[in-house]
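Student: Mind having a look at this structure? Questions to follow.
The values are calculated or read from the model by the stated rules, or taken from the named source; none is laboratory data. Please read all numbers here as calculations on a predicted model, not as lab measurements. Please note: Cβ atoms are built from the backbone with ideal geometry, for glycine as well, and neighbour counts cover all protein chains shown.
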Amino acid sequence: MLLKQHTLLRRHAALQIGRQFHKTTGSDRILKLFDSPKYFANFNQSDRLVFSLPNVGLFRNEKLTSPDGLISFSKGSLKKAKELVRTMLLEAKNTDVGKLSYIRKLDQLSDTLCRVIDVAEFIRVAHPSQKWVEAAQQTHEIMFEYMNQLNTNVELYETLVLVLDLHLRGRLSDEEIEVGNYLRQDFERSGIAMDPTTRESFVAITQEISLLGSLFNNEIHNLPSFWVNVDKATFESSCSAALKRDILDLQMKAPLASLTEVSIPLAGHYPFSVLSTCSSEDIRKQVWIALHDSSKDQIATLNGFLKYRAFLAKMLGYKSFADYQLEHKMAKTPENVVTFLRNVQKHQLSEKSDVIKELRSLYKFKDESHFCSSDETILNNLKPWDRDYLLEKQSQANEQDQAQLEDISPYLSIGTVMSGLDKIFKSIYNVSLVPEQTHKGETWDQTHVRKLSYKDLETNETLGYLYVDFWSDKVLPSHFTIACSRELNLDLSTESSSEIQREVHLSNDGTYQLPVISLVCNFSKTPAVGSKSQVGAQMRRLAGLEGDYGATLLSLEQVSTIFHEMGHATHSMLARTKLHNLSGTRCLTDFVELPSVLMELFSVDPRVLCRIAKHYQTGEHLPEDLLKAHREKLNALQHTETYMQSKMALLDQVLHGDIVPDFSDNEALERFDSTLIYHNLEKDLKVFADKWSTWHGKFPHLFSYGAVYYSYLFDRAIADRLWNGLFKKDPWSRAAGEKYKQSILKWGGTRDPWLCLADALDEEQLAKGDANAMAIIGGSKD
């Protein structure tokens, strides 16, 4: 009887609170969903007996109700995959129908495996439960073994080549041919066409590169030493009293130093405090170099995978790893990339350029006679360890104005930003973000994760689902693809709607697999102050609503981060392709950042942000002059940062270029020194030139991107051109949004990006995608 009363009270509490939800509609519902944890709980509990519902499984995959379920899901998917491989090869060998359906079945095979691999990778990175993480690691090992078997399955490859080269090719769709060519390239770039002995060597080198890359990434944040000894007298005369006290208190933990030295820790806030406040350039230099140094072993690891990558590329007939990587990218050749980067640098460092203006403004705090200094003098005298110190002095010089500057974050709550994105998408795409209830087991954190669907307002069709966690303590801002858009192969009888819907979200008619995306950020919660609930404490506790947080308030950088990641998510939602391999963000690496970077431009336009941003307490719109003041402060070195990024991209090209010696020249291989290359390039590129540290051993993208790091700058240049061509006049334009969607977003990776750009910008010259097109995007030609 007591249990029954307790259950009724819990249900009554949920229903009482639930009535509050129905009073809110539209974008305000999104605002409250993200800004009020209580409102979110009410929304999830309204009008349903939440306490008696079954576990629906993570992302509504009923197999994923537990860590053991993930293992079972992977083994079951492997069984399906093996059976599909057996039947598709048999049918393709014996019938024309089997040949014509072969690429669709290959795509289905890929999707069957990716749905396991992608969700396991998400769990491994983002799930708070160690048991789930361990199951994801086990799943990875199970799937990795089978994927290696498929990548070396000569019969799969030869059948694909046969299908693509036959007269039957004319009966395949353009999308099927595009996916078939993509899969063929993937096979061939994995050495499938080599003789068995050479392929065995190729696989061994590939595995060695993977091991070295993993070791490189694991050591990125390590230092040769986590302490640096500096002159004690200089330290005491050049650092603030508070900083001196904090560091001197740590001397008992420091390595032994002489009586004339102090040990500064290179962890926590200490090195950054020294770099931004210590007046001694000698101390700043010592700390900066120590903080940016890599161990000798780390540099040896870097040199190792650079050499092996060069060897692997030459085994496949390429001049360099960069040539190998770029062959099927938009840029096509390393020469095109280098030309693009050099054009960016030349433009940025031209006479009276924005970079020079920014550096001259900074330099006056190092040399009061800066007006008499040449550009060359400024470039030579501004050192890497000066940057933060001079920025701090510049900020202090404006302190009188800044003291009156109102905090902007109260206008930028997460709910306000997400509600604003809903308004933008409605305006430019006629698509709405719709809150969805989550059920037991559907998310990895029932208090954090919000679920939204993308809804086409013209057809009332659901385009896909987005699971959002803005408060993760595990993951930096990240976008995860859990499932891709794909038309089910119902006509081939290789799958059924009733079976697939147990694992993924389907369209209303059951013919399409809908994309599922997860967006995870690491923003900090803000405890509510003086909040009062409309229900009693006992009812609140019984309904599972104990504790509350206020609206999470964001910085301008964090707002741009959300817009960026939502650009990726929207790309996945609006690109409804029939085959999953080239769906949504599965496009060329140097095109994939375009939608996200373009969304950042919306986030910095006052006509957008001042219209959607409202004070979380008063509802007052963000004043344009306040936004302008904060952006000026934030962008003190905006153009210099772009130049610095171009330096990193050029380093990536050079280290993966033909500068790496051939393996037949043992002496040259022994002499190969990435540090010397790095320092020479820095000397040539001048701005905050680093000729002292081994920072390149801390640059993770050298492994993860490998000759494609230029993509960020390249896509930013494309985004600028698209913005000016489509949205500059009116960022809320429905016509501009439709043209952008129809010419670029809807294609995913199924159409040549250069053709997409030519259509979007009405510039036929871009369609060729040649050096001239690269020059146009780089700004050297109009």
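Student: For segment 103-162, how many residues meet the condition of being in contact with a Lys or Arg (Cβ under 8 Å, 6 or more places away or on another chain), within 30 Å of E175 (Cα to Cα), in a helix (DSSP H, G or I) and β-branched (V, I, T)?
Tutor: Residues that pass the stated criteria total 3.
Student: Let me spell it out: the conditions are (1) closer than 22 Å to F321 by Cα; (2) free of Cβ contacts under 8 Å to residues at least 24 places away in the same chain; (3) charged (D, E, K, R), and K628 meets all of them except one. Which number is the exception?
Tutor: (1)
Student: Among the candidates L306, L291, which residue alone is under 20 Å from K383 (Cα atoms) and crowded, with 16+ Cβ neighbours inside 10 Å?
Tutor: Details: L306 fails: under 20 Å from K383 (Cα atoms).
Among L306, L291, only L291 is under 20 Å from K383 (Cα atoms) and crowded, with 16+ Cβ neighbours inside 10 Å.
Student: Can you find a residue that is over 18 Å from S225 (Cβ atoms) and hydrophobic (A, V, I, L, M, F, W, C) anywhere in segment 269-280?
Tutor: yes
Student: While we're here: Only one of these is within 21 Å of G98 (Cβ to Cβ) and surrounded by fewer than 18 Cβ atoms within 10 Å (Cβ to Cβ): E155, E145, E134. Name it. Break it down stepwise before answering.
Tutor: Values: E145 fails: within 21 Å of G98 (Cβ to Cβ); E134 fails: within 21 Å of G98 (Cβ to Cβ).
Going through E155, E145, E134 in turn, the sole match is E155.
Student: Also: Which of the residues belonging to segment 152-189 are modelled with pLDDT of 85 or more and among the small types (G, A, S)?
Tutor: Residues satisfying the conditions are S173, G180.
Student: Residue by residue through segment 322-333, note down the ones that are surrounded by 19 or more Cβ atoms within 10 Å (Cβ to Cβ) and more than 19 Å from I192 (Cβ to Cβ).
Tutor: Selection gives A322, D323, L326, K329, M330, A331, K332.
Student: What single numbered condition from (1) in contact with a Leu (Cβ under 8 Å, 6 or more places away or on another chain); (2) closer than 28 Å to L70 by Cα; (3) surrounded by 19 or more Cβ atoms within 10 Å (Cβ to Cβ) fails to hold for Y102?
Tutor: Only one criterion is unmet by Y102, namely (2).
Student: Do we have any residue at all in segment 351-359 that's among the basic types (K, R) and in contact with an Asp or Glu (Cβ under 8 Å, 6 or more places away or on another chain)?
Tutor: No; the residues of segment 351-359 include none that is among the basic types (K, R) and in contact with an Asp or Glu (Cβ under 8 Å, 6 or more places away or on another chain).
Student: For G725, state whether it is of a type outside the set (A, V, I, L, M) and part of a helix (DSSP H, G or I).
Tutor: It is true that G725 is of a type outside the set (A, V, I, L, M) and part of a helix (DSSP H, G or I).
Student: Of everything in segment 208-227 that's more than 25 Å from the chain's Cα centre (by Cα) and not aliphatic (A, V, I, L, M), which residue is farthest from G268 (Cα to Cα)?
Tutor: Taking the candidates together, the pick is E208.
Student: Might you let me know whether segment 200-223 holds any residue that is surrounded by fewer than 17 Cβ atoms within 10 Å (Cβ to Cβ), under 30 Å from G706 (Cα atoms) and acidic (D, E)?
Tutor: Looking for residues that are surrounded by fewer than 17 Cβ atoms within 10 Å (Cβ to Cβ), under 30 Å from G706 (Cα atoms) and acidic (D, E), one finds at least one in segment 200-223, hence yes.
Student: Now for a different question. Taking segment 464-479 as the region of interest, how many residues are under 17 Å from the mean Cα position of the chain (by Cα) and crowded, with 21+ Cβ neighbours inside 10 Å?
Tutor: Adding up the residues that qualify gives 6.
Student: Among the numbered criteria (1) crowded, with 18+ Cβ neighbours inside 10 Å; (2) part of a loop (DSSP other than H, G, I, E, B); (3) of a type in the set (D, E, K, R), which single criterion is violated by D730?
Tutor: Only one criterion is unmet by D730, namely (1).
Student: Which count do you get for residues in segment 377-412 that are in a helix (DSSP H, G or I) and modelled with pLDDT under 90?
Tutor: 9
Student: On to the next question. Say we look at segment 447-469 and pick out the residues that are out of contact with any Leu (no Cβ under 8 Å at 6 or more places or on another chain) and touching a residue at least 40 places away in the same chain (Cβ under 8 Å); which of these is farthest from S36 (Cα to Cα)?
Tutor: E461
Student: What are the residues in segment 558-579 that are more than 20 Å from E738 (Cβ to Cβ) and either outside any helix (DSSP H, G or I) or modelled with pLDDT under 95 (or both), if any?
Tutor: Scanning segment 558-579 gives K578, L579.
Student: Turning to a different aspect of this structure: Look at I299 and say whether it is β-branched (V, I, T) and either without any contact (Cβ under 8 Å) to a residue 12 or more places away in the chain or surrounded by fewer than 21 Cβ atoms within 10 Å (Cβ to Cβ) (or both).
Tutor: Yes: the conditions hold for I299.
Student: Follow-up. Give the residue that is modelled with the highest pLDDT, with candidates limited to residues of segment 323-371 that are acidic (D, E), under 24 Å from K393 (Cβ atoms) and part of a helix (DSSP H, G or I).
Tutor: Ranking the candidates gives E358 first.
Student: Identify the residue in segment 649-684 that is more than 25 Å from R342 (Cα to Cα) and of a type in the set (A, V, I, L, M) and, among all such residues, is surrounded by the fewest Cβ atoms within 10 Å (Cβ to Cβ).
Tutor: A668
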